[in-house]
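Where a number appears in this text, it was derived from the coordinates with a stated rule and is not lab data. All values reported here derive from a predicted model rather than from experimental measurement. FYI the Cβ positions are ideal-geometry reconstructions off the backbone, even for glycines, and counts take in every protein chain you see.
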Amino acid sequence: MIDPDSGEINPESGEIDPDTRKTVVILLKDAKNYLTDNFYLAMYVFTTSRNTKTPVFSGGWANWPYWVIRAINVLTEEQNHWEMQQLEEKSNKPKTK
């Protein structure tokens, strides 16, 4: 979403601020504050498990660290959400001849 006043791209995070009860918006200029080493590690685990279609740790899910399972689940949800948005945008475009 583009803020009409500032022209900034304001992606909604999907998180609700407990004080204001409004959706948290992260400004594009502030995104770098969220891209920590932990974020990149989570992305690495996610993409490695997706691209290789194999577990990134030995053993079953019960033996994996919780953060890995959580990262894969959250990033999969985000990917699915993005793909659904793309499909909706495609289906809403007028067809040209």
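Data for the structure
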item: When each of K32/K93; K29/K53; K53/K90; K32/K53 is checked by Cα-Cα distance, pairs over 31 Å; result: K32/K93; K29/K53
item: Hydrodynamic radius by Kirkwood, which averages 1/r over all alpha carbon pairs of the range 10-97, in angstrom; result: 15.8
item: Cleavage-rule hits (chymotrypsin sites (Phe, Trp or Tyr not before Pro)) in the range 36-68: DSSP loop, at most 16 neighbouring Cβ within 10 angstrom; result: F57
item: Additional length obtainable on full extension of the chain from T48 to E15, 0.36 nm per residue less Cα span; result: 9.3 nm
item: FRET efficiency estimate (nearest 0.05) - Cβ-Cβ, K32 to S58, R0 35 angstrom; result: 0.55
